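Contents: one structure, followed by commentary.
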Amino acid sequence: MTGRPLTIGTRGSPLALAQARMTASALEQAHGWAPGSVTIIPVKTSGDRIQDRPLAEVGGKALWTKELDLALLTGETDCSVHSMKDVESERPKTLAIAAMLQRADARDRLIGAGSIQALPERAVVGTSSPRRKAQLLRLRPDLDIVSIRGNLDTRLGKLQAGDVSATLLAAAGLDRLGRAETGTAIALNEMIPAPAQGAIGIECRADDAVTAAWLRAIDHEETHAAVLTERAFVRALNGTCHSPIGAHAVIEGGRIRFTCEILSEDGGERVVDCAVFAVGDLDTPAEMARAMLAGAPDSIRHLFDAA
């Protein structure tokens, strides 16, 4: 590299730092830069500071991005690395998601029991995700779902302390932190993942053509196309952190296979759909979202801004 080194902004959690290191290494290898050429700058976000309340009560997903956005827009960093499932579906026009690394395992893992069915009756399960709560209660209405937040070790600590009987975590995050043996993976047809779960996105300033070109060298096109499909679905729903949404797209035979669902808070009502369509077609998932919401009962519709 010549000139000042490329700088990556990231949250300071162990998982976020691991993802930033993956990105830095990918860039260095793709461009033949010396190891360590890419600088990682941890940025403390509001989401990291506020750990005692669900995100939906204190500002939603922007709590994970607004400080990173500020560092990027003021030139403190050249790009930001995000867990794409934590990025709002509407982003500032001054920023652009230029690349995504190859998606990891998109499934959830249950920790504390071998399966959802094996959980004891009225077991206490810790999760702050409205999607996971609704999906669990759809399968096991007897469960007691309590809110827990924090990084991986914090959540596992609550389990070990007996505060909860079980919890759910993203398989991708566990794998990236060297915990591949932790928990039992839940089948995709049993719990549809959060939109963009397992995907790492790299964002730069929209007018920074040089950084964008560097980032495109590490872009995994199939992951990028699948995640854009899922985000188009969420955007058309006007979903918020209160909205239980599952969406998962994969590319098979050169086409997108897309499965999605929206649920009531207690999981008692659910609208699910699936379709196969052309890669790059973002109108179809948006149309699916609008049709599902239009036909949904009030218990679901009131959870979305479009209702």
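The values are calculated or read from the model by the stated rules, or taken from the named source; none is laboratory data. Every value quoted in this text rests on a predicted model; they were computed, and no experiment measured them. Note that we place each Cβ from the backbone using ideal geometry, even for glycine, and neighbour counts take in every protein chain shown.
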**Request:** Can you work out which of the residues in segment 116-145 that are among the basic types (Lys, Arg) and in contact (Cβ under 8 Å) with a residue 60 or more places away in the chain is farthest from LEU303 (Cα to Cα)?
**Result:** ARG138
**Prompt:** If we keep just the residues of segment 146-164 that are out of contact with any Gly (no Cβ under 8 Å at 6 or more places or on another chain) and among the aliphatic types (A, V, I, L, M), which is surrounded by the fewest Cβ atoms within 10 Å (Cβ to Cβ)?
**Reply:** ALA161
**Asked** Looking only at segment 207-228, which residues are more than 18 Å from GLY173 (Cβ to Cβ), crowded, with 23+ Cβ neighbours inside 10 Å and either assigned by TED's automatic domain parsing to the domain that holds ILE116 or out of contact with any Leu (no Cβ under 8 Å at 6 or more places or on another chain) (or both)?
**Response** ALA226
**Message:** in the same structural domain as LEU70 (by TED's automatic domain parsing), in a strand (DSSP E or B) and out of contact with any Pro (no Cβ under 7 Å at 6 or more places or on another chain): which single residue out of CYS204, CYS260 fits that description?
**Reply:** CYS204
**Request:** Return only the number of the condition from (1) in contact (Cβ under 8 Å) with a residue 24 or more places away in the chain; (2) within 24 Å of GLY295 (Cα to Cα) that CYS274 does not satisfy.
**Result:** (1)
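Quick grid of which residues meet (1) of a type in the set (Gly, Ala, Ser); (2) touching a Lys or Arg at 6+ places or on another chain (Cβ under 6 Å); (3) over 19 Å from GLU90 (Cβ atoms):
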{"residue": "GLY173", "(1), (2), (3)": "yes, no, yes"}
{"residue": "VAL210", "(1), (2), (3)": "no, no, yes"}
{"residue": "GLU230", "(1), (2), (3)": "no, no, no"}
{"residue": "ARG235", "(1), (2), (3)": "no, no, no"}
{"residue": "GLY254", "(1), (2), (3)": "yes, no, yes"}
{"residue": "PHE258", "(1), (2), (3)": "no, no, yes"}
{"residue": "SER264", "(1), (2), (3)": "yes, no, yes"}
{"residue": "CYS274", "(1), (2), (3)": "no, no, yes"}
**Request:** Return the residue satisfying two criteria in turn: it lies in segment 3-23 and is among the hydrophobic types (A, V, I, L, M, F, W, C) and buried (at least 22 other Cβ atoms within 10 Å of the Cβ), and of such residues it is farthest from ARG179 (Cα to Cα).
**Result:** LEU6
